[in-house]
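Down below is the structure, laid out as structure tokens.
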């Protein structure tokens, strides 16, 4: 969604890069603080199901060589559970292996769990949409499974893994019907998606200013011009975001095609 809002939960500890121990992580309105060192985070999205396992290491390494320190990805519910309670985490759906590759490269990870992947996929259980107990129970079951798998593989930062952030993706797109959850959302770190997020203000002045989707392009609408965003405009948007107290920005997506 154009300029949509999302909710983000900051994990309370951060794994030391390349080790199995944990490091203290905190945040304030102007930095993520790792072992007392103030940092800004440069991230990029790579979606593990959209490439082969054999490509992962190279894609991640190219992102690192391009100056990124973090890799962000969705969890694709419709791919992992194509039929109720029939799960697939093999091949290029092995998100655990993907995050292990991220850590091997010395990078952080951002795990985006959620039923909605915006224009890509949304897993629907009933004809009444998402505001019903059937859907909520199924989503709770799947989300719990993903979190438990990540814990078992020691992927979270508090376990020495690469994942420093976990997100309920694009909750703002469906927040209206979920009134009972609004107070919970206010206690989380809200973030921004869009072409420009320098003017974005977190819902709590103590929270960091985070840009989870810096759109490097856009889809084409029927009959309209090809969307085009110049590299200069993209670079300017990033500079302006950090100039206005930005803490973390994520390129969506990372273009790693051959030149």
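Scanning the stretch 45-55 for residues that are in a helix (DSSP H, G or I) and within 17 Å of the chain's Cα centre (by Cα) gives 48, 49, 50.
Against the list (1) at pLDDT 95 or above; (2) surrounded by fewer than 15 Cβ atoms within 10 Å (Cβ to Cβ); (3) part of a strand (DSSP E or B), the condition residue 67 fails is (3).
Among the residues making up the stretch 108-141, those that are at pLDDT below 90 and under 17 Å from the mean Cα position of the chain (by Cα) are 113, 114, 115, 116, 117, 118, 119, 120, 121, 122. Of all residues in the stretch 68-84, those satisfying the criterion of being touching a strand residue (DSSP E or B) at 6+ places or on another chain (Cβ under 6 Å) and under 23 Å from residue 247 (Cα atoms) are 68, 69, 70, 71, 72, 74.
If you go through the stretch 19-36 one residue at a time, do you hit one that is within 18 Å of the chain's Cα centre (by Cα) and modelled with pLDDT under 65? No. Here's a check for you: in the stretch 201-245, which residue that is in contact with a strand residue (DSSP E or B) (Cβ under 7 Å, 6 or more places away or on another chain), over 17 Å from residue 44 (Cα atoms) and surrounded by 10 or more Cβ atoms within 10 Å (Cβ to Cβ) is modelled with the lowest pLDDT? Across the stretch 201-245, the extreme among qualifying residues is 203. Taking the numbered list (1) surrounded by fewer than 17 Cβ atoms within 10 Å (Cβ to Cβ); (2) over 15 Å from residue 145 (Cα atoms); (3) free of Cβ contacts under 8 Å to residues at least 24 places away in the same chain in turn, residue 34 passes all entries but (1). The listed residues are 92, 88, and the only one of them that is outside any loop (DSSP other than H, G, I, E, B), in contact with a helix residue (DSSP H, G or I) (Cβ under 7 Å, 6 or more places away or on another chain) and at pLDDT 80 or above turns out to be 92. Pairs meeting the criteria (first residue in the stretch 41-57 and surrounded by fewer than 15 Cβ atoms within 10 Å (Cβ to Cβ), second residue in a helix (DSSP H, G or I), beta carbons under 6 Å, at least 6 apart or on different chains) are 52/92; 57/101.
Modelled with pLDDT under 95 and closer than 25 Å to residue 160 by Cβ: which single residue out of 48, 74 fits that description? When all the criteria are applied, what remains is 74. Within the stretch 62-99, the set of residues being touching a residue at least 60 places away in the same chain (Cβ under 8 Å) and more than 15 Å from the chain's Cα centre (by Cα) comprises 62, 63, 66, 80, 81, 89.
The values are calculated or read from the model by the stated rules, or taken from the named source; none is laboratory data. Values in this document were obtained by computation on a predicted structure and should not be read as measured data. Positions of Cβ are generated from backbone atoms using ideal geometry, with glycine treated the same way; all protein chains shown enter the neighbour counts.
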